[in-house]
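The values are calculated or read from the model by the stated rules, or taken from the named source; none is laboratory data. The shown structure was predicted, so the numbers you read here are calculated from the model rather than taken from an experiment. Counting neighbours? That spans all protein chains shown, and the Cβs are built from the backbone with ideal geometry, glycine included. Side chains included, ligands, DNA and RNA excluded: accessible areas come from the protein's heavy atoms. Shrake-Rupley method; radii C 1.70, N 1.55, O 1.52, S 1.80 Å.
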Amino acid sequence: MLKKMLFAALALGFSLAAGAQEPANKVKVGDKLYDVELHDTEGNYSYLADYAGQDGKYLLVLFWTSNCPRCHAAFPEVAKYVKQYADKLSVVGVMLSDNHDGWMEMYRYRQPFEWPNLSDGQLLKDGAAVPYGIGLYPTFVLVEPENKTIVRMWSGFKLDKFQTEMQPYFEPIK
(Lines give C-alpha, C1' and ligand atoms only; values in the text may rest on other atoms or scores of the structure.)
Protein backbone atom coordinates (compact mmCIF):
# COMPACT_ATOMS: atom_id res chain seq x y z
CA MET A 1 0.00 0.00 0.00
CA LEU A 2 2.84 2.36 0.88
CA LYS A 3 4.46 1.67 -2.49
CA LYS A 4 1.21 2.52 -4.31
CA MET A 5 0.84 5.77 -2.35
CA LEU A 6 4.46 6.73 -3.02
CA PHE A 7 4.10 5.93 -6.72
CA ALA A 8 0.88 7.98 -6.94
CA ALA A 9 2.51 10.93 -5.18
CA LEU A 10 5.53 10.77 -7.49
CA ALA A 11 3.33 10.50 -10.59
CA LEU A 12 1.23 13.45 -9.45
CA GLY A 13 4.37 15.48 -8.75
CA PHE A 14 5.80 14.69 -12.18
CA SER A 15 2.57 15.53 -13.96
CA LEU A 16 2.25 18.81 -12.06
CA ALA A 17 5.85 19.71 -12.87
CA ALA A 18 5.31 18.85 -16.53
CA GLY A 19 2.10 20.87 -16.57
CA ALA A 20 3.90 23.90 -15.15
CA GLN A 21 6.23 23.87 -18.14
CA GLU A 22 3.45 23.81 -20.72
CA PRO A 23 3.06 27.09 -22.60
CA ALA A 24 -0.31 28.81 -22.35
CA ASN A 25 -0.81 28.78 -26.12
CA LYS A 26 1.03 26.11 -28.04
CA VAL A 27 1.30 26.47 -31.79
CA LYS A 28 -1.07 24.17 -33.67
CA VAL A 29 -2.14 23.33 -37.21
CA GLY A 30 -3.85 26.36 -38.74
CA ASP A 31 -1.66 28.87 -36.87
CA LYS A 32 0.95 31.05 -38.50
CA LEU A 33 4.54 29.87 -38.13
CA TYR A 34 5.76 31.02 -34.71
CA ASP A 35 9.03 32.87 -35.14
CA VAL A 36 12.06 32.20 -32.98
CA GLU A 37 15.61 33.51 -33.08
CA LEU A 38 18.19 30.83 -33.89
CA HIS A 39 21.87 30.63 -34.84
CA ASP A 40 23.69 28.63 -37.48
CA THR A 41 26.90 26.64 -37.12
CA GLU A 42 28.95 29.80 -37.72
CA GLY A 43 27.15 31.66 -34.91
CA ASN A 44 25.15 33.91 -37.26
CA TYR A 45 21.64 34.68 -36.01
CA SER A 46 18.47 34.55 -38.05
CA TYR A 47 14.78 33.92 -37.53
CA LEU A 48 12.77 30.86 -38.40
CA ALA A 49 10.41 33.06 -40.43
CA ASP A 50 13.34 33.98 -42.70
CA TYR A 51 13.02 30.49 -44.21
CA ALA A 52 9.23 30.36 -44.62
CA GLY A 53 7.72 30.83 -48.07
CA GLN A 54 11.03 31.36 -49.87
CA ASP A 55 10.54 31.07 -53.63
CA GLY A 56 6.93 29.95 -53.03
CA LYS A 57 8.08 26.71 -51.39
CA TYR A 58 6.61 24.78 -48.49
CA LEU A 59 8.90 24.76 -45.46
CA LEU A 60 9.47 21.62 -43.43
CA VAL A 61 10.93 22.45 -40.02
CA LEU A 62 12.67 19.46 -38.48
CA PHE A 63 13.18 19.78 -34.71
CA TRP A 64 15.76 17.22 -33.59
CA THR A 65 18.61 16.46 -31.20
CA SER A 66 21.93 14.72 -31.72
CA ASN A 67 21.29 11.74 -29.44
CA CYS A 68 17.99 10.77 -31.11
CA PRO A 69 18.14 7.60 -33.24
CA ARG A 70 14.78 8.34 -34.90
CA CYS A 71 16.05 11.79 -35.88
CA HIS A 72 19.05 10.23 -37.58
CA ALA A 73 16.76 7.68 -39.27
CA ALA A 74 14.63 10.56 -40.62
CA PHE A 75 17.51 12.46 -42.25
CA PRO A 76 17.85 10.23 -45.36
CA GLU A 77 14.10 10.29 -46.01
CA VAL A 78 13.93 14.06 -45.59
CA ALA A 79 16.90 14.34 -47.97
CA LYS A 80 15.00 12.32 -50.60
CA TYR A 81 12.08 14.76 -50.38
CA VAL A 82 14.43 17.75 -50.58
CA LYS A 83 15.98 16.33 -53.75
CA GLN A 84 12.75 15.13 -55.41
CA TYR A 85 10.76 18.27 -54.61
CA ALA A 86 13.50 20.91 -54.75
CA ASP A 87 11.19 23.25 -56.64
CA LYS A 88 8.39 23.02 -54.02
CA LEU A 89 9.99 22.18 -50.66
CA SER A 90 12.70 23.61 -48.45
CA VAL A 91 13.82 22.25 -45.09
CA VAL A 92 15.41 23.80 -42.06
CA GLY A 93 16.66 21.75 -39.13
CA VAL A 94 16.43 23.07 -35.59
CA MET A 95 18.74 21.33 -33.13
CA LEU A 96 17.22 21.47 -29.64
CA SER A 97 20.12 20.99 -27.26
CA ASP A 98 22.48 22.94 -25.09
CA ASN A 99 25.35 20.68 -26.25
CA HIS A 100 26.86 23.09 -28.76
CA ASP A 101 30.17 21.19 -28.99
CA GLY A 102 28.38 17.91 -29.80
CA TRP A 103 26.36 19.65 -32.51
CA MET A 104 29.50 21.18 -34.03
CA GLU A 105 31.39 17.89 -33.96
CA MET A 106 28.53 16.06 -35.64
CA TYR A 107 28.12 18.79 -38.21
CA ARG A 108 31.83 18.92 -39.09
CA TYR A 109 32.50 15.21 -39.32
CA ARG A 110 29.21 13.62 -40.35
CA GLN A 111 27.68 16.52 -42.26
CA PRO A 112 24.28 14.81 -42.44
CA PHE A 113 22.38 17.86 -43.60
CA GLU A 114 21.45 18.98 -47.07
CA TRP A 115 19.55 21.92 -45.59
CA PRO A 116 20.28 24.80 -43.22
CA ASN A 117 20.68 23.72 -39.64
CA LEU A 118 20.08 26.05 -36.75
CA SER A 119 19.93 25.93 -32.97
CA ASP A 120 18.77 28.04 -30.08
CA GLY A 121 21.13 26.31 -27.64
CA GLN A 122 18.19 25.35 -25.44
CA LEU A 123 16.57 22.16 -24.25
CA LEU A 124 12.93 21.06 -24.38
CA LYS A 125 11.85 23.17 -21.42
CA ASP A 126 13.17 26.40 -22.92
CA GLY A 127 13.49 28.19 -26.23
CA ALA A 128 11.94 27.09 -29.52
CA ALA A 129 10.59 23.82 -28.13
CA VAL A 130 8.12 25.53 -25.80
CA PRO A 131 5.77 27.31 -28.24
CA TYR A 132 5.73 24.24 -30.47
CA GLY A 133 4.94 21.93 -27.55
CA ILE A 134 7.75 19.57 -28.47
CA GLY A 135 8.04 16.55 -26.23
CA LEU A 136 9.28 13.96 -28.71
CA TYR A 137 12.00 13.93 -31.32
CA PRO A 138 11.94 14.43 -34.18
CA THR A 139 9.04 16.84 -34.54
CA PHE A 140 8.06 18.02 -38.00
CA VAL A 141 6.19 21.22 -38.82
CA LEU A 142 5.06 21.73 -42.43
CA VAL A 143 4.32 25.35 -43.39
CA GLU A 144 2.54 26.45 -46.56
CA PRO A 145 4.26 29.25 -48.48
CA GLU A 146 1.56 31.83 -49.13
CA ASN A 147 0.29 32.69 -45.63
CA LYS A 148 3.07 30.87 -43.73
CA THR A 149 0.44 28.78 -41.99
CA ILE A 150 1.18 25.43 -40.35
CA VAL A 151 -0.60 22.70 -42.31
CA ARG A 152 0.87 19.64 -40.55
CA MET A 153 2.63 18.88 -37.24
CA TRP A 154 3.71 15.45 -36.04
CA SER A 155 6.33 13.81 -33.85
CA GLY A 156 8.35 10.66 -34.18
CA PHE A 157 9.66 8.98 -37.30
CA LYS A 158 8.40 5.92 -39.10
CA LEU A 159 8.67 5.87 -42.86
CA ASP A 160 4.98 5.21 -43.50
CA LYS A 161 3.91 7.91 -41.02
CA PHE A 162 6.25 10.47 -42.60
CA GLN A 163 4.96 9.67 -46.09
CA THR A 164 1.33 9.78 -44.92
CA GLU A 165 1.78 13.19 -43.31
CA MET A 166 3.50 14.57 -46.42
CA GLN A 167 1.05 12.87 -48.85
CA PRO A 168 -1.51 15.67 -49.22
CA TYR A 169 1.28 17.94 -50.48
CA PHE A 170 3.98 15.60 -51.82
CA GLU A 171 3.67 12.11 -53.28
CA PRO A 172 5.64 9.39 -51.45
CA ILE A 173 9.09 8.66 -52.77
CA LYS A 174 9.98 5.03 -53.40
Residues satisfying the stated conditions in the stretch 47-72, i.e. assigned to a helix (DSSP H, G or I) and either among the aromatic types (Phe, Trp, Tyr) or more than 15 Å from the chain's Cα centre (by Cα) (or both): ASP50, TYR51, GLN54, ASP55, GLY56
Long-range neighbours under 9 Å by Cβ, at least six apart or interchain, first residue closer than 16 Å to SER155 by Cβ and part of a loop (DSSP other than H, G, I, E, B) within the stretch 73-98, second hydroxyl-bearing (Ser, Thr, Tyr) and open to solvent by less than 30 Å² (accessible area, probe 1.4 Å): LEU96/THR65; LEU96/SER119; LEU96/THR139
Residue that is farthest from the chain's Cα centre (by Cα), among those in the stretch 113-158 that are part of a strand (DSSP E or B) and among the aliphatic types (A, V, I, L, M): VAL151
Given (1) modelled with pLDDT of 75 or more; (2) over 13 Å from LEU60 (Cα atoms); (3) of a type in the set (Gly, Ala, Ser), index of the condition GLY93 fails: (2)
Test: ASP160 is out of contact with any Leu (no Cβ under 6 Å at 6 or more places or on another chain), open to solvent by 50 Å² or more (accessible area, probe 1.4 Å) and closer than 20 Å to TYR45 by Cβ: no
Enumeration of residues in the stretch 1-46 that are open to solvent by 50 Å² or more (accessible area, probe 1.4 Å), part of a loop (DSSP other than H, G, I, E, B) and at pLDDT below 50: MET1, GLU22
